[in-house]
Each structure stands twice: as structure tokens, then as C-alpha cells.
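**Student:** Could you have a look at this structure, given as C-alpha cells, before my questions?
What follows is calculated from the coordinates using simple rules that are stated; it is not laboratory data. Only a predicted model underlies this, so the values are computations on that prediction, with no experimental measurement involved. Neighbour counts run over all protein chains shown; Cβ positions are idealised from the backbone, glycine included.
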Amino acid sequence: MRLDSAQIAGLPDKSVVQILLEAVLAEIGDRHAEALDVVAAMPLGYGVVFSVINLDAEVRNGGFLQYFFNTRLEFEDLVVDGLERIDAGEYLEIFDAACERIGEELERLRPMWEEGLAGFFASYKTSTMSEIDKRWFKLPHIEAKLISCIRQNLADFDATRQES
């Protein structure tokens, strides 16, 4: 269920990100193949929350390889926009480096990934992405920047992308 800016303003910092993320996930439902279109049709603030938290969670769980494998490289523009909007320059630099690296390695990794999970796990042995992962892990969790952005841009949860 989407919330408007007044409802979001009343949420405590400790739960605002999770509640907004759950709203996006509820909107996506079982339409995983259409996730990018669903998120893009939602008000801008929801896209920022989804793209930033999804990136951070995937990377912290299994590195950038996991992020790119699971997202099929579909969310790059949304992530860049989200990181820019929350003023996360250090994170954006690292994400850009990861995108450049996956561009260099994808031709070699894609056949492995097409084999499913076994191929995906094998791809960790051939990729050099782990050095970029380590740079991400050194940064503080991104949630504080995201909460600050939410609080300063509540109207982004009322307007659709086309209106903003």
C-alpha cells in the first residue's frame, strides 16, 4: 500500500525505509519480470528507496556479481538516479566502477550465468569484482543518507515520475 507524504512524515526513522520498501514490493507482487516497469510507474521517491536498498542489500549479501545476476542489469539508470538524489557520491563512484567491470566481464560471465546457480557460483572464481565489493563494504550503511533524503523530499512520494 502506497503512503502519501503526510503519512511518511509520521513514520519513525527506524522503520520508514522498510515500510516504503514493503510498499514497492507489494506493488511488484509476483510480477518480478516487470519490476522495472512497475517501479518506474510509481512516484519517484519509491523508485529511489527501492533502487538504493535493493543495490545495498544485494551487494552486502553476495557482492556486485549477485546484484548484476539477480537484476539482469535492468536497474542501472534507476540506481544512478537514486544515488545522485541521496547525494551518495562515494557509493556512485563504486557503482560506476562495478558497472564498468561487469561490462568488461559480462561476455565471459553470461554463459556461466545461463547455467543457473551452479554457473553463477562458479563465476565468482573468474570475476575480479571482489575488489570493488571490498570498497563498498568499507563505506557506512547507506540507510542514513536515504532517510535524510526521504525526510527532505517527501513530495517525491506524491508525484509520479512524469509529473516531477
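**Student:** Suppose the chain between residue 34 and residue 22 were pulled fully straight at 0.36 nm per residue; how much longer would it get relative to their current alpha carbon spacing?
**Tutor:** Length gained, residue 34 through residue 22: 2.6 nm.
**Student:** In terms of the ratio Rg/(2.2 N^0.38 Å) built on C-alpha atoms, what value belongs to the range 22-91?
**Tutor:** 1.04
**Student:** In the neighborhood of residue 96, defined by Cβ-to-Cβ distances under 12 Å, what is the net charge if each Lys or Arg adds +1 and each Asp or Glu adds -1?
**Tutor:** For residues surrounding residue 96, the net value is -3.
**Student:** Sorting check: for 92-102, 8-18, 57-67, which peptide has the highest mean count of neighbouring beta carbons within 10 Å, and how do the rest follow?
**Tutor:** For the peptides 92-102, 8-18, 57-67, the packing ranking is 57-67, 92-102, 8-18.
**Student:** Given the convex hull over the Cα atoms of the range 61-129, what projected area results after averaging over all orientations, in nm²?
**Tutor:** Mean projected area for the range 61-129: 4.6 nm², to one decimal.
**Student:** Which aspartates and glutamates have a Cα less than 15 Å from the Cα of residue 14, not counting those fewer than 8 places away in the same chain?
**Tutor:** 22, 143
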